[in-house]
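See below for the structure under consideration.
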Ligand code: 8X3
């Protein structure tokens, strides 16, 4: 039987591209998100290639997460791969001007959310003594940049969680991969700038940013590596990008 993959944040960006790439590999897919129409559209499309089911829940709410994952029919329960792709940035400003609501969304979504979904999936993986968890961190988890303290802190937490999970789960046959993308053109900056598409477009102006498919390729590489190989950590930058905020634009 083909492997079962649960992907959070599957309705857009890296999550959606990963769902598409996994469908090409015939993985059975549990697509998770909060925008039902997009989940339905994706399910309809990818069902032509593989078995697909969807779950609609907010990763920030433990009861919703736990209920949703418990509600999976028996044949979907043995999750082999978890891709923690749900995450967001909200605001880009000096910390003294930051909004506590924005901070909550980043800490709750990027850190708590990743923990909650993992908590719902890890015990089954431990019981089966196999599994693979892929956490979407960021170059922002490796280096802190001005005006991004809380986003960077949330991704630094993802880095620590990936390392900690690997320490605790390797002995149970579970691999943990940390993926740290640089500048990927998705809805990321539109969300960060609260719908200001013009400001978002400037982030990716004058160079070729990464695409969600570029990152999905690296995730595929990690999850299809032979059993004796763990891809622990990958940082993927755009070709014109030397560091988080050092981008050579034309
Ligand atoms: C997104 C990368 O550098 O734009 O995680 O914050 S960055």
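Can you run the Rg to Rh ratio on the chain? Use alpha carbon positions and the Kirkwood inverse-distance Rh.
Taking Rh as the inverse mean 1/r over Cα pairs, Rg/Rh reads 0.95.
Enter the angle in degrees (range 0 to 90, nearest 10) between the Cα long axis of helix 13-24 and the first principal axis of the Cα atoms of the chain, meaning the one along which they spread out most.
30 degrees
Taking the DSSP beta bridges in the stretch 4-247 as the whole, what percent of them are antiparallel, to the nearest 5?
Roughly 5 percent of the DSSP beta bridges within the stretch 4-247 come out antiparallel.
Rounded, prolate or oblate, given the Cα gyration tensor of the stretch 130-250, with a/c below 1.5 counting as rounded?
prolate
Determine the distance separating the Cα centre of the stretch 192-244 from the Cα centre of the stretch 97-152; give it in Å without decimals.
16 Å
Quick note: the coordinates plus some simple rules give every number you see, no bench work behind them. Remember, it's a predicted structure, so these values are computed and weren't measured experimentally.
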